[in-house]
Amino acid sequence: MTPGGVRRDVAPDAPADVESGVVADAPLALRHELARKALHITSAAVPVAYATGVVARRWLAALVLLLLGVALAVELGRARSERLRAHFTRATGVLLRAHEHHRWAGATWLLVAFAAAILLFPPPVAVAAMWAVSIGDAGAAVVGRSVGRHRILGLAKTVEGSVACAALTFLGARVVARLDVGACVVAAICAAIAEAPRRPLDDNVRVALAVGGGILLWRMTFS
C-alpha cells in the first residue's frame, strides 16, 4: 500500500469493483499504457488542424467519417471472423485493454467522439471537445498511473489524474480553441467529471459530448 491507500500492484486508474477490490479490467503495463496514450496524443493533430484552418470543416468531417467507416468495418470483421480477430490481436494485442478483445477498440470510439464533435458543435467548441479527448483524457491516464496516489471515492480514478485532465483541457480550450475563460473552466470541469466513471458509454464519447454540451450551455446561459 502507498500512503494514499493505492496498491502499487494495481494501477490507480484501473477499473475495479469498489466493494470487493477486484480489478474488473486488468491494467496494461505502464509502457504499453504510454504507447497507447502516445496514439491519443498524436490524434491532437486533428483539433489543431481544425483550429488553425489547415483543414476545412467539410473535408475534416469527410476524413474522420471515412476513417470511422474503415474502423467499423474492421470491428464488424473481427466480430464475425476468428481469423481476422486473431490477426487483429497479434497486431494490436499489447495495446488493447481486456474488454477491447471482445468489444470495440478505444481507437474506434475516439473516431466516434471526433465525428460527433465535428458534426454537432461549432468549430471552436468542437476543437475544445476533441482536445479534451486527445490530451485531457491521455493526461488523466498517464498522471493517474505514474503519480496518482489518492483514489476518488467510489471510482477507479485518482485525484491527480482528474486534475491533470482538467488542467490540460483548460489549456487547450484557451490556447488552441481560443475560448473565453469561463467557457474554458466549464470545459475543464466537464472533462474531468466525464472522464472519471466507467459508464455509461466509452469515456472518449462521454468527454466529447460533456465538454461540447457544457460549453454550449454556458454560452446560452451567460452570453
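Computed from the coordinates by the stated procedures, all read-outs in this text should not be read as laboratory data. Predicted model only: the values in this text are computed from it and were never measured. Every residue, glycine as well, gets a Cβ built from its backbone with ideal geometry; the counts of neighbours run over all protein chains shown.
Brief remarks on what is shown
- Length gained when the stretch Ile189-Leu171 is fully extended (0.36 nm per residue, less Cα-Cα span): 5.2 nm
- FRET efficiency for Val74 and Val54, using Cβ-Cβ distance with R0 set to 35 Å, rounded to 0.05: 0.80
- Once both labels are positioned 7 Å from their Cα atoms along Cα-to-Cβ, the gap between Arg103 and Ser146 label points is 2.7 nm.
- Integer Hz, Karplus 6.51/-1.76/1.60 couplings in order for segment 162-177, x for Gly and Pro: 5, 5, 4, 4, 5, 5, 5, 5, 4, 4, x, 5, 7, 8, 8, 7
- If the chain linking Leu120 and Leu39 were pulled fully straight, counting 0.36 nm for each residue of separation and taking away their Cα-Cα distance, it would gain 26.7 nm.
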